[in-house]
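Before any comments, here is the structure.
The values are calculated or read from the model by the stated rules, or taken from the named source; none is laboratory data. These figures come from a predicted structure and were not determined experimentally. Every residue, glycine among them, receives a Cβ derived from its backbone with ideal geometry; neighbour counts consider all protein chains shown.
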């Protein structure tokens with residue numbers, strides 16, 4: 001796990017809310033200079049913690065009214081690569097997860113309507129090694145968030161004074 005202090009986490013919280021927030025506004029909010037915030041952000045980016053800055057688009061406003069989760073079962077690991085290759089080329093698929101329990105994979109898809117969902121499922125069902133699919137259509141979404149929980153993730157600095165107060169470890 002990467003070492004992050006509370007200021008790094010504050011910066012990440014701000015950017016999760018608004019990835020376009022100006023550095024000077026971030027610096028003011030975390031009470032650091034602009035160069036310090038820029039350095040911290042560069043460090044965070046270089047560690048690969050921030051994977052990109054994206055616009056979140058309201059899927060319903062562009063006509064993608066159907067959200068569905070499709071549970072897929074592949075016969076064995078010999079077929080995983082063909083499934084992954086197929087799924088990566090389907091723009092309607094937003095997420096692909098390898099799972100435990102019923103099925104081997106779970107995908108989240110967004111399509112215009114049930115006809116386009118049916119067409120998508122027929123493409124997926126042609127995948128070599130596919131045993132079955134099971135689809136659940138979302139009726140309503142009560143919570144959907146790209147925000148990760150960042151509370152209590154900072155690394156507490158070990159106080160050398162406290163650890164020496166207890167004396168040497170006894171066996």
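For every residue, the table says whether it meets (1) modelled with pLDDT under 95; (2) within 24 Å of residue 99 (Cβ to Cβ); (3) surrounded by 13 or more Cβ atoms within 10 Å (Cβ to Cβ); (4) under 27 Å from the mean Cα position of the chain (by Cα).
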position	(1), (2), (3), (4)
126	no, yes, no, no
144	yes, yes, no, yes
150	yes, no, yes, yes
157	yes, no, no, no
161	yes, no, no, no
164	yes, no, no, no
Scanning for something under 30 Å from residue 118 (Cβ atoms) and in contact (Cβ under 8 Å) with a residue 60 or more places away in the chain, does region 14-21 turn up at least one residue? no
Checking the conditions here, which among 57, 137 is within 30 Å of residue 17 (Cα to Cα) and modelled with pLDDT under 95? 57
Does residue 64 qualify as being part of a loop (DSSP other than H, G, I, E, B) and either loosely packed, with under 12 Cβ neighbours inside 10 Å or touching a residue at least 12 places away in the same chain (Cβ under 8 Å) (or both)? yes
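Looking at residue 72, is it assigned to a helix (DSSP H, G or I), assigned by TED's automatic domain parsing to the domain that holds residue 121 and farther than 21 Å from residue 141 by Cβ? Give the steps one after another, and end with the answer.
Details: assigned to a helix (DSSP H, G or I): no; assigned by TED's automatic domain parsing to the domain that holds residue 121: yes; farther than 21 Å from residue 141 by Cβ: yes.
No, not satisfied.
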Could you please let me know if residue 3 is in contact (Cβ under 8 Å) with a residue 60 or more places away in the chain and part of a loop (DSSP other than H, G, I, E, B)? yes
